[in-house]
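K.L.:
Here you go, one structure.
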């Protein structure tokens with residue numbers, strides 16, 4: 001659904017007209033939606049990354065956070081809408097800071113940092 005020919009941005013949700021009514025321009029509303037989706041994707045990928053790093057299954061993470069494994073899957077796929085309390089649960093269960101879960105650094109750089117930290121601890 002095209003919101004405006006002037007902006008040329010496709011709407012990501014069918015209810016953008018409802019959301020855009022609380023912002024000054026449709027473009028602002030769409031940019032906020034896109035940013036929220038981008039943050040969800042980053043958060044989800046980081047949850048998955050740190051879960052794999054700790055050799056943890058979704059079921060184990062669900063047990064530690066007292067959430068369902070289906071919800072964990074949705075979050076990892078960037079589909080879950082996560083509250084601040086849930087972000088804190090994930091951070092504690094994965095033994096990382098909340099900030100780490102929103103870090104947009106590429107995985108290769110993160111892996112190098114983790115290896116460096118492990119080597120430093122061993123030495």
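K.L.:
Quick one: length gained pulling residue 42 to residue 55 fully straight, 0.36 nm per residue minus the C-alpha distance? Write out the running numbers ahead of the final one.
P.N.:
Numbers: separation 13, 0.36 × 13 = 4.68 nm, distance 1.98 nm.
Between residue 42 and residue 55, full extension yields 2.7 nm more.
K.L.:
While we're looking at this one, here's another question. Find how much the distance from residue 63 to residue 87 grows on full extension, using 0.36 nm per residue of separation minus their present alpha carbon separation; answer in nm with one decimal. Walk me through the numbers on the way to the answer.
P.N.:
Details: separation 24, 0.36 × 24 = 8.64 nm, distance 1.52 nm.
That works out to 7.1 nm of additional length.
K.L.:
Treat each spin label as a single point 7 Å out from the Cα along the C-beta direction, and report the residue 105 to residue 35 distance in nm.
P.N.:
So the two model labels end up 2.4 nm from each other.
K.L.:
Within 10 Å, count the other beta carbons around each residue, average over each peptide in 87-95, 48-56, and list them highest first.
P.N.:
Details: 87-95: 17.0, 48-56: 15.4.
Going by the mean number of other Cβ atoms within 10 Å, highest first, we get 87-95, 48-56.
K.L.:
Can you compute the FRET efficiency between residue 70 and residue 28 using 1/(1 + (r/R0)^6), with r the Cβ-Cβ distance and R0 = 41 Å? Round to the nearest 0.05. Walk me through the numbers before you get to the answer.
P.N.:
Details: r = 33 Å, r/R0 = 0.81.
After rounding, the FRET efficiency stands at 0.80.
Every number in this text was worked out from the coordinates using simple rules, so none of it is lab data. Owing to the predicted nature of the structure, the values given are computational and were not obtained by experimental measurement. All Cβ positions, glycine included, derive from the backbone under ideal geometry; neighbour counts span all protein chains shown.
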